[in-house]
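Participant: Here it is, the structure in full.
Nothing in this text is a laboratory measurement; each read-out follows from the coordinates by a stated rule. Small disclaimer: the values here were computed from a predicted structure and weren't measured. Because the Cβ atoms are built from the backbone with ideal geometry, glycine has one as well, and the counts that use them run over all protein chains shown.
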Amino acid sequence: MDLARHLADPALKQAFVTPMFELVAPRYDQFTRVFSYGMDRRWKRVLVAEVLGWGTGATARVLDVACGTGDLAFALAAALPRAQVTGIDASPRMVAIAARRARTHAVQRRPGGAVSFARGDLSALAAPDRAVDVVTAGYAFRNAPDHRAALAEAARVLRPGGLLAALDFYRPESATWRGLFLGYLAVAGRVVGWWWHAEPLAYGYIAPSIEAFTSVRGFSRDLDSAGFRVLCVREFLRGGIAVHVAQRR
């Protein structure tokens, strides 16, 4: 397949990304831990700490978009036991795994709190305007058909003053580091994809998707254009990974 064409065309990208996540869902958590050498847990802890640090209320309405198997949703539910946490994902298999985890997850909930999962599209959210206090996104906007349209949709459902917290891969601005970073991800992703799923593109798509995405600073500009004020940016791996926290103006 012409991967570059699929990543550049919003209609083709969605048709590629969702089946790919259906394929990797059973081993997705294992992959994120192994592929990041365990750093994925730290990055997600940073995101949750930033959400709490910017004054999120105990009874906040939280929407975790492209939730995968629910890591961020469960972490937020544990940190905010009275919050209403909803995770959505376009992959039915991811949602099923998250829902199964919810039934057995050791999160002590107080009356008034809830965590749930459903199928959903981050580019066309089911929530009404200004209905959400916090939107979180782990590796989400890079996989959206059009990340700028998805940011505008997140802005629509957030109340004024609400928070958006996003963790993702970004295109490093240093050409030398970008070549090394993406080169490693391309080779390692294809090897693991073939080994685990007999499909090199299962994880081999990651490097091309980063190349087709934006930089950390570019994403900050996109947030501003979508109606957000960037509150903080935490960079890792020399701009290859970052957590953005922004407030709906």
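Participant: Just to confirm my numbers, what's the Cα centroid distance between region 146-175 and region 184-249 in Å?
Facilitator: 11
Participant: Select from the chain the helices, each a whole stretch of DSSP H, whose alpha-carbon atoms run 20 Å or more along the helix axis and whose Kyte-Doolittle mean is at least -0.5; answer none if there are none.
Facilitator: Working: long enough: 10-24 (21 Å, 0.82); 39-53 (21 Å, -0.12); 175-197 (31 Å, 0.56).
Counting only whole DSSP H runs, the qualifying helices are 10-24, 39-53, 175-197.
Participant: I need the peptides 185-193, 227-235 ranked by packing, meaning the mean over residues of other C-beta atoms within 10 angstrom, with the highest value on top. Walk me through the numbers on the way to the answer.
Facilitator: Numbers: 185-193: 18.2, 227-235: 15.7.
The densest-packed peptide leads the list: 185-193, 227-235.
Participant: Right, next: Go ahead and run the numbers for FRET between LEU52 and ASP29, Cβ-Cβ distance against an R0 of 25 Å, rounding to 0.05.
Facilitator: Details: r = 23 Å, r/R0 = 0.92.
The formula returns an efficiency of 0.60 here.
Participant: Quick one: work out the % antiparallel among DSSP beta bridges in region 3-248, nearest 5. Show your work: numbers first, answer last.
Facilitator: Values: 16 of 37 bridges.
Around 45 percent of the beta bridges assigned by DSSP in region 3-248 are antiparallel ones.
Participant: A further question on this structure: Based only on other Cβ atoms within 10 Å, what is the fewest-to-most ordering of MET94, MET20? Could the numbers behind the result be given before it?
Facilitator: Values: MET94 26, MET20 19.
Ranking MET94, MET20 by Cβ neighbours within 10 Å, fewest first, gives MET20, MET94.
Participant: Take the Cβ-Cβ distance between ALA126 and SER174 as r, set R0 to 45 Å, and report the resulting FRET efficiency rounded to the nearest 0.05. Before the final figure, lay out the partial values.
Facilitator: Working: r = 40 Å, r/R0 = 0.89.
According to the calculation, E is roughly 0.65.
Participant: Continuing with this model, one more query. Non-local amide H neighbours of LEU231 (under 5 Å, H modeled in plane, Pro and chain starts lacking H): which ones?
Facilitator: VAL245, ALA246, GLN247
Participant: Which chymotrypsin sites (Phe, Trp or Tyr not before Pro) in region 1-109 sit in a loop by DSSP (not H, G, I, E or B) and have at most 14 other Cβ atoms within 10 Å of their own Cβ? Before the final figure, lay out the partial values.
Facilitator: Values: sites: PHE16, PHE21, TYR28, PHE31, PHE35, TYR37, TRP43, TRP54, PHE74; in loops: TYR37, TRP54.
Within region 1-109, the qualifying chymotrypsin sites (Phe, Trp or Tyr not before Pro) (loop, at most 14 other Cβ atoms within 10 Å) are TYR37.
Participant: For the chain, what does the helix formula give at 222 nm: sum of -39500 (n - 2.57) over DSSP H segments with n ≥ 4, over the residue count, nearest 500 deg cm²/dmol? Walk me through the intermediate numbers first.
Facilitator: Working: 11 runs with 120 residues, N = 249.
Result for the chain, helices only: -14500 deg cm²/dmol.
Participant: Tell me, what is the FRET efficiency for ASP2 and ALA198 to the nearest 0.05, using R0 = 25 angstrom and their Cβ-Cβ distance as r?
Facilitator: Details: r = 21 Å, r/R0 = 0.83.
So the FRET efficiency works out to roughly 0.75.
Participant: Please identify every one of the GluC sites (Glu not before Pro) in region 119-215 that sits in a loop by DSSP and has no more than 15 other beta carbons within 10 Å of its own beta carbon.
Facilitator: Values: sites: GLU153, GLU173, GLU211; in loops: GLU173.
In loop regions of region 119-215 (DSSP not H, G, I, E or B), the sparsely surrounded GluC sites (Glu not before Pro) are GLU173.
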